[in-house]
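The values are calculated or read from the model by the stated rules, or taken from the named source; none is laboratory data. Since the structure is predicted, the reported quantities are computational estimates derived from the model, not experimental observations. In this analysis, Cβ positions are derived from the backbone assuming ideal geometry, glycine residues included, and neighbour counts consider all displayed protein chains.
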Amino acid sequence: MSKGTFLQNFSLSIALCLANSLVQVHGQSHATNQRLSDTIPFIPDYGKSRLTLLNAEPVTMGRTIFVGNSITEMGDWKTLTGDSTVLNRGISGDITFSLLLRLPEVIRHQPARIFLLIGINDIGKDIPDAVIVENIMKIAGNIRSGSPSTKLYIQSILPLNPDIPGFPQHYDKQGHVLNTNVLLQAACKARGIEFLNIHDLFTDSKGKLDQQYTSDGLHLDPKGTGYQKWVAYLKSGKYL
């Protein structure tokens, strides 16, 4: 075995040990069907093409931007908010790792406020709860340093309802949603970041995503009343 091959194998062994330790520390000792180092979003080709389109848009300073995954992308925020200047920076399939990479496109607009919702696709990939929160805090730090005047609102991950027909079973991890939200709220409090608990807006009596707001148990139905309820909450709290 060459010296280079030995060093590569040794580095890989150390990385695997560290990953296993991280899982044990945070109580996620179950076997997963994804590598913890999997940082690729669920729909990488779509993400690349959408980001290309977003980068081609002109820079518009001082606006409100909604940032996140498909749940954000599916919202017609201009109509919902009554503000034609609002920007939608949701990308379907996005995870915290890929959002970190594309964040400069958001920061270049120097927005007045950002509403961030991210993490459910990470959970679908079995990325540990603590890693998700750590990445969201990195996103927050990059926004603070790159656009200091921006008011950042970090929103909780939405509930799930695996009882709805067509629910994608690899997302059936409501316990991780709840735990990530608890960790995320604590991290926001420690850093003076505004945390918005939108999770509880959409739960039924069993704590699941209320079927009146969804058609698949994962997303809000764009034709339903969920997005209107979301924006009404933001307006009532004077976040918008």
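Close Cβ contacts (under 9 Å, 6 or more residues apart or on different chains) running from residues in the stretch 214-229 that are without any contact (Cβ under 8 Å) to a residue 12 or more places away in the chain to residues that are surrounded by 14 or more Cβ atoms within 10 Å (Cβ to Cβ) and among the β-branched types (Val, Ile, Thr) comprise Asp221/Thr214.
Candidates Thr72, Thr52, Thr5: the one that is among the β-branched types (Val, Ile, Thr), loosely packed, with under 12 Cβ neighbours inside 10 Å and either part of a loop (DSSP other than H, G, I, E, B) or at pLDDT 70 or above (or both) is Thr52. Considered as a group, the residues in the stretch 175-195 that are in a helix (DSSP H, G or I) and of a type in the set (A, V, I, L, M) include one that is surrounded by the fewest Cβ atoms within 10 Å (Cβ to Cβ), and that residue is Ala190. Only a single criterion out of (1) closer than 17 Å to Leu178 by Cα; (2) crowded, with 23+ Cβ neighbours inside 10 Å is not satisfied by Glu134, namely (2).
Can you spot a residue in the stretch 88-106 that is touching a residue at least 60 places away in the same chain (Cβ under 8 Å), on the phi < 0 side of the Ramachandran plot and surrounded by fewer than 21 Cβ atoms within 10 Å (Cβ to Cβ)? No: the stretch 88-106 contains no residue that is touching a residue at least 60 places away in the same chain (Cβ under 8 Å), on the phi < 0 side of the Ramachandran plot and surrounded by fewer than 21 Cβ atoms within 10 Å (Cβ to Cβ).
Which of the residues spanning the stretch 107-124 are over 19 Å from Leu209 (Cα atoms) and either surrounded by fewer than 22 Cβ atoms within 10 Å (Cβ to Cβ) or among the aliphatic types (A, V, I, L, M) (or both)? Across the stretch 107-124, the qualifying residues are Ile107, Arg108, His109, Gln110, Ala112, Arg113, Ile114, Leu116. Scanning the stretch 148-174 for residues that are hydroxyl-bearing (Ser, Thr, Tyr) and buried (at least 18 other Cβ atoms within 10 Å of the Cβ) gives Thr150, Tyr153, Ser156, Tyr171. Filtering the stretch 103-132 to residues that are over 13 Å from the mean Cα position of the chain (by Cα) and either part of a helix (DSSP H, G or I) or among the polar types (S, T, N, Q) (or both) leaves Pro104, Glu105, Val106, Ile107, Gln110, Ala130.
Of all residues in the stretch 163-217, those that are among the charged types (D, E, K, R), within 15 Å of Leu117 (Cα to Cα) and in contact with a Phe, Trp or Tyr (Cβ under 7 Å, 6 or more places away or on another chain) total 1.
Whether a residue is over 25 Å from Leu80 (Cβ atoms), free of Cβ contacts under 8 Å to residues at least 12 places away in the same chain, out of contact with any Lys or Arg (no Cβ under 9 Å at 6 or more places or on another chain) and not in a loop (DSSP other than H, G, I, E, B) was assessed, and Ala232 does not pass this test.
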